[in-house]
Amino acid sequence: MAEGAVVVEEKRVGRIGRDPRVEELRDAVSRLRRALAAHPALLPDRDAAEDELAALDAMVCAGRPEVPRLRRSLLLVAGAVGSVSALAPALGEVRAAVDRFGEAPRPARPAPGEAGEHRVPSPREAPGGS
């Protein structure tokens with residue numbers, strides 16, 4: 001070793017107390033951002049995808065993200081780049097990472113026959129039907 005040289009040791013330290021799903025999502029978003037940046041084709045919605053990926057990254061950096069917001073962001077990114085087969089693997093990783101957060105709570109539906117129920121009538125039930 002040369003005189004005055006310094007040895008630097010790099011350690012990968014896990015973030016204590018962090019949700020592993022958050023780390024996985026952050027990694028997946030990072031990979032998709034890199035894949036999108038490296039993709040040479042002009043995409044009409046590239047800016048929208050990049051903006052939404054930046055928003056996703058900000059959400060995961062802030063801590064535990066909200067599932068409905070994650071799903072909305074995933075839908076926007078998929079709509080922007082979903083037809084590009086070269087980006088499909090990285091987009092699939094983001095989707096899998098979002099899915100690990102579980103289902104978004106859905107609003108309760110009224111039981112059949114309760115007030116507020118909206119049912120589409122069959123053609124036989126429709127006024128003027130045969």
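The values are calculated or read from the model by the stated rules, or taken from the named source; none is laboratory data. None of the values given here were measured: they were computed from a predicted structure.
Below, the figures for the structure above:
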{"read-out": "Positions within segment 36-56 being over 13 Å from the mean Cα position of the chain (by Cα) and in a helix (DSSP H, G or I), in sequence order", "value": "Leu36, Ala37, Ala38, Arg46, Asp47, Ala48"}
{"read-out": "Top-ranked residue in segment 74-130 [being among the acidic types (Asp, Glu) and part of a loop (DSSP other than H, G, I, E, B); ranked as modelled with the highest pLDDT]", "value": "Glu103"}
